[in-house]
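Remarks on the structure that follows.
The values are calculated or read from the model by the stated rules, or taken from the named source; none is laboratory data. Here the structure is a predicted model, which is why all the values come from computation and not from measurement. Backbone-built Cβ (ideal geometry, glycine too); neighbour counts: all protein chains shown. We work out accessible area using only protein heavy atoms, side chains counted, and drop any ligands, DNA or RNA first. Shrake-Rupley method; radii C 1.70, N 1.55, O 1.52, S 1.80 Å.
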Amino acid sequence: VDRTTPHETEAEGLIFYHMDLYGSKDRFDIFPEELSGQGDRSRGDTRRESALSSEKFQRSQEAGYDLEREVAELAKMYGLDEDREKELELLGGHLEMVESRWPPAHREKQQGLPGEASQDEDQSKAIAEDETESHIWSREGLSSSVMSDEWNSQAVSEEEEAANVFCSTCKMPIRAFDKLFGEHKDHEVAQLPSAVESEKEEIHKNMCKLEEQIAQMENFASHLEEIFITVEENFGRQEQNFEVHYNDAVQVLAQKYEEQLEALGEEKRQKLEALYGQLVHCGEHLDTCKELTDATQELYLENDKASFMKVKSFNWLEEFLKKEVDLKLSTLPDFEERVIDFSEVEQLMNSINTIPAPCAPVINPQAPNAATGTSLRVCWGLFSDDTVECYQLCYKPVSNETRNGEQAAPSPPTIKSKKIRSCENAALVCWESRDINPVDSYMVELSKLTDEENGNIITESIVGIPNCEVLIHLQPMQTYRICVRALNLGGSSERSEPVLIHTTGTYFCLNEDTAHPLLAILDDGFTIACDELENPECDLPVYDNSFTRCIGILGSLIPFPGKHYWEVEAEEDTEYRIGVAFENTPRHGYLGANNSSWCMRHIITPSRHKYEFLHSGMTPDIRITIPPRRIGILLDYENCRLSFFNAEIAQHLYTFTLHFQHYVHPCFALETPGILQIHTGIAIPPWTALP
Amino acid sequence: AELKCKMKFGIYLPPKAETGKCPVLYWLSGLTCTEQNFITKAGFHQAAAEHGLIVVAPDTSPRGCNIEGEDESWDFGTGAGFYVDATEDPWKTNYRMYSYIKDELPKLINANFPTDPERMSIFGHSMGGHGALILALKNPGKYKSVSAFAPICNPMQCQWGKKALGGYLGSDVSKWEAYDATQLVKSYPDSHLDILIDQGKDDQFLSAGQLLPDNFIAACTEQKIPVVFRLQQGYDHSYFFIATFINDHIKHHAKYLNA
C-alpha cells in the first residue's frame, strides 16, 4: 500500500516490503536515514535546480505558473518511475503472498486500493509539490543546507500520500487509518499540519541556535583579534626590554673585562719592574764584588808591609762580606688569584625577566580639607603605565626652627567676628592678617562643642585656603568654635582668637556701606533708627554703595541655599519697607519699586494701616486686621518663596512665589522716623512650613 | 434627623485616609448650589491629597420637603438654607441647616469614615462663606481654622440676608444677630482664629452690596481678630475664582489641621 518510500528503488525493497514497513521495527528505525540517502540526494538536486530556475523568473503569476508546471513535471517524472515499480510490485506474485499474510480487515482495504492508487498518487503528488513550490517562494533566501534540511521533512510528508496524521512515537507521518489499526495503534499521534508546524518550529529553533553560534563565533573571532594585537604589543615591549637589559649586561661585562685586563697588565708591569730592579741590583753587586776583588788583589801584591798594614781596607771588605747577599726573588712569576665578580651581571641577567622599575610618582599639591589635626591625606599620580606593586611613603616632620632661617612663620590672623554670617547648614567666616611676613595659605580649625570638656578637640581642619574667607558646611542646631591659622614656608602661626558660631537659625550682619546717611545703626548692630527725614546740613558722608533716596540698608546674608528666617520688630506707627533685594539693587530707588527687590510696606492712611507687598512697584490688595509688630520673613530658596508672617500670632500674611536667579540680601528701610529691630539666629518656626 | 429628609453630601478621601485618620475640612456652598458644584468645579483634590485632608461638601438646603413656596425663588428656600435653624413656620421643621452642619453631619462622617474628630475646619463660598464664618464664630475652638471665598459678611445689612433671615427667623432683627458674622465677631472671645478671606474685586455681588466685607474687617480690626483679606483683581463670584485660590485655602487649613 505504502509504495512511495525510496526502498522501492532498491532491489530488496521489492521483497516483502509492506511487511517490513508494518511489521518490523528494525527496518522502521533506519527509515529516516535511508531517506536522506541516495534517492533523496538526487531529489535534492532537482529541487535545487528548480530553486535556481525559480530565481530566474519574476514573481509574476505567469512565472509562478511556469514554475508550478515545471515542478509538477519533475514530480510526475519521479512519480511515474515509482508507479512503474509499483505496478511491477503489484503485478508480481508477491501480492498474494503479502495478502495472505495480512489480516482480513487489511486485505479488504488493500483490495480497494490498487486500482485507484496511481491516479490518486499523481494528484496528491502534484498537491504536495505545490506545497513545496510555495515553500520555495517563501524560503528562497535561505542557504541551500537549510533547504535540504527542509527538504527532508518535506520529503516525508510528500511521499506519504494520503498520510494525514503524524505519529510522534515513531517520528513519521502515517495515515489515520494506521492509527486505528496499524502498529501505531497505541502510539501518540498528531494532525499532520500541526506536526509540520512543530517540526518547522523545531527547525526555526535550530536556526536560531545556529545564528547564536555564529554570533558567538564572531565575538570569539574579534576577541581573538584583540588578543592577537595584545600579544604583539606585549612581545614588542618585552623585546625592547630584553634589548635594553642585554645591552646593559654586555656593557657591564665589557667594562669588567677592561678592568680585569688593566689590573692584570698593571700587575705584570709591577712584577717585571721589580724583577728588573733586582737584576740591576744584582749586576751592581757583581761589579762591586769584582772591584773589591781587584783592589784586594792589588793590596795583596803590595810589598810594602807598612803600607799594606796601613790600609784598612780589610775592614770594609769584611764589612762588605758581612752583608748578606739578597738572593731572594722579589716577586713570583705567577699572577695574583683574581676573583671575577659576576654578581652585578647576574643581577642584571636576573632582572631581565622582571618588570622594569617604575618611574617616580608625582605627589599632588595639598588640597583644601585634606588634613585634620592628626591626619593628612596625600595623593599622588603615576604618569607612565608602569606596574606598581606597592608604594612606599616617606615623611619626616619639619620643625619650625629648621626653617626659621629662611622665613619666619606668620603671626596669627584675626577673625572678623562681627562679619560672620551663618545659617543652619553653613557659616561664612572671614579674617584679616596684619602680618609683614608673606602668608601662603590659611587653615581653619573647627570643633563642635558638645560638652565643655570637649571644646578643645579639633574635629575638622580646612587647609589650603588662599583667601581670607571661607564657607564652611556645618550641621544644624550646633555650636562650633572656630580658629584660623596662617601658613607659609616658615610654618604655621598660632591659632587666632576663637569665635563661636551657633547654627540655630540664620545670622547675618548689616552692611554699613549701604546705609543711607540718615540711617543710624545702634551699638547692638541690629537696630536701625532714623530721627529725621530731611537733614538741614548736607555734608553727610555718602558712600558709593549707600542708598541715596530710600532710608535703607542691606544685610549681608550668607550665600547659601536652603531656608533663612529672621524677624523685624516695629512700632505700630512706624512706616517701613522690609524684604529682600539683590546686592546690586538700585541705590537711588525705593525698595520694592524695581524688579530687584521684594518687600512688605507698611503705611498709615487716615483710615487704617495699609500693607503692601511690593515688587516692581506692584502690590496685591490685602487687608490685615491686626497690625503685626513682629514680622517674620522666611526666605526659602528651595521652594522658591518669600513669605511674611505676623510672628506673634503665627499668621501668614503674604507669599511671593519666585525663582531667585542670584542670592539675595535682607533689606530694611524706614519711611517715618522710628526704629526697626532686627532679630537673627531664630530657629525657623514650624508654622512657617505652610503659608 | 435635623432636616427630616434625605440629604446628600460629597466626600473626598485622600490617599492618607487608607492608612490613618485624617482631619476633616467642611465646605459650605453658596446659593443655588448642591453638593455637586464644589466637588466637580473647585479642583481642590490635589492639594487635599497632598495635605491629607478629608473634604466634605454637604448640600445647601433640605430638598423635596414639599413646603409651600420653597422653590419660588433662587435665593430663598431650596438651595438657600442660609445655614440657620429656622424658627418660623413652615420652615422650622426642615430648615435646620445650622444644626445639621454643626452636629449631625460631623457625627455621621466621624462614624463612617477614618476621621480625627478633634481636627476639623470649615470654609465656604458666598452664602457658604457666611455659614463657615458663623459656625466658626459661634463655636470657638470647634474648628481649627476658617476661611471663605466672597462670603456674605453682614447678612443683616444686605438684601439676601434680610430676605432669608426674615423668612426663617421672623421679623425680630435682634434674633438675626446670632447668624451675622459681623455681629458675632463683636462678642467673640479672644481666641486664635486665623481667618483667610479671598474676594474677587470684580464680583457683581460685591458692588451690589450683598457681601459687605468691609464691615466684617472693620469689626475684626476693632476686636483684634486676625484676618487676612485679599481683594483679587479681575476675579468675579464664579468657581473660576474659587479654583484659582483653592490651594491657598487648603494650605491655610492644613497649617492648623496638621499642626
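Quick look at the values:
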| item | result |
| --- | --- |
| Of all accessible heavy-atom area on chain B, the percent that carbon and sulfur account for (1.4 Å) | 48 |
| Ranked packing of B:126-132, A:389-395, B:151-157, most packed first, by mean Cβ within 10 Å | B:126-132, B:151-157, A:389-395 |
| Shielding of A:617-625 by partner chains, average beta-carbon count, 10 Å | 6 |
| Interface B:A - total buried accessible surface [probe 1.4 Å, Å², rounded to 100] | 1600 |
| Rounded, prolate or oblate (a/c below 1.5 giving rounded, otherwise prolate when a/b exceeds b/c) for the range A:527-665 by Cα gyration tensor | oblate |
| Charge-dipole axis of chain B as Lys and Arg at +1 and Asp and Glu at -1 on Cβ define it, positive-most pick from B:G131, B:S121, B:T32 | B:S121 |
| Long pairs among B:K4/B:K144; B:K102/B:K175; B:K142/B:K163; B:K138/B:K251, criterion Cα-Cα beyond 26 Å | B:K4/B:K144; B:K142/B:K163 |
| Shape call, the range B:32-167: gyration tensor on alpha carbons, a/c limit 1.5 | prolate |
| Placed amide H near B:C22: partners under 5 Å, 5+ positions off or other chain | B:T115, B:D116 |
| Cα-based shape type of the range B:140-235, given that a ≥ b ≥ c are square roots of the gyration tensor eigenvalues and the cut on a/c is 1.5 | oblate |
| Antiparallel DSSP beta bridges within chain B, percent to nearest 5 | 25 |
| Of the trypsin sites (Lys or Arg not before Pro) in the range A:410-501, those whose Cβ has at most 11 other Cβ within 10 Å and which sit in DSSP loop | A:R434 |
| Relative packing of A:499-505, A:681-687, A:236-242, A:663-669, which averages over residues the other C-beta atoms within 10 Å, highest first | A:663-669, A:499-505, A:681-687, A:236-242 |
| Local electrostatic count at A:N545 - Lys and Arg +1, Asp and Glu -1, tallied over other residues with Cβ under 12 Å | -3 |
| Mean separation of Cα contacts under 8 Å (6+ apart) over length of chain B, as relative contact order % | 20 |
| Lys, Arg +1 and Asp, Glu -1 on Cβ, resulting dipole of the range B:58-198 about Cα centre, debye, nearest 20 | 320 |
| Long-range amide H partners of B:S73 with built H, under 5 Å | none |
| Interface residues, the range A:661-691 - accessible area loss of 10 Å² or more versus chain alone, probe 1.4 Å | A:W687, A:L690, A:P691 |
| Sequence ranges A:288-300, B:194-206, ranked by mean other-Cβ count within 10 angstrom, highest first | B:194-206, A:288-300 |
| Karplus 3J(HN,Hα) series, Hz, for the range B:148-162 with 6.51 cos²θ - 1.76 cosθ + 1.60 (x for Gly, Pro) | 8, 9, 6, x, 7, 7, 9, x, 4, 9, 10, 4, 4, x, 4 |
| Number of partner chain Cβ atoms within 10 Å, mean per residue of B:154-163 | 0 |
| Rounded accessible area of A:W598 (nearest 10 Å², 1.4 Å probe) | 20 |
| Karplus-derived 3J(HN,Hα), 6.51/-1.76/1.60, for each residue of the range A:234-249, Hz, glycine and proline x | 4, 5, x, 5, 5, 4, 4, 4, 4, 4, 4, 5, 5, 4, 4, 4 |
| Alpha-carbon centroid distance for the pair the range A:225-245 / the range B:143-184, whole angstrom | 99 |
| Whole-Hz couplings from phi, Karplus 6.51/-1.76/1.60, listed for the range A:614-622; x for Gly and Pro | 9, 8, 6, x, 9, 9, x, 8, 10 |
| Efficiency of FRET between A:N369 and A:N595 - r from beta-carbon atoms, R0 30 angstrom, step 0.05 | 0.20 |
| Long-range Cα-Cα pairs in the range A:194-307 (distance over 21 Å), rounded percent | 77 |
| Loop sites in the range B:34-87: GluC sites (Glu not before Pro), DSSP, at most 15 other Cβ within 10 Å | B:E68, B:E72 |
| Cα→Cβ-extended label distance, 7 Å offset, between A:A360 and A:D334, nm | 5.1 |
| A:E534/A:L471 FRET efficiency (R0 30 Å; Cβ-Cβ; nearest 0.05) | 0.10 |
| Amide H contacts under 5 Å for A:I626, placed H, 5+ residues apart | B:V227 |
| Segment A:R630-A:Q278, extension gain: residue separation times 0.36 nm, minus the distance between their alpha carbons | 114.5 nm |
| Whole-number accessible area per residue in Å² for chain B, which is evaluated in the context of all protein chains at 1.4 Å | 39 |
| Test item: B:219-226 mean partner chain Cβ contacts at 10 Å | 4 |
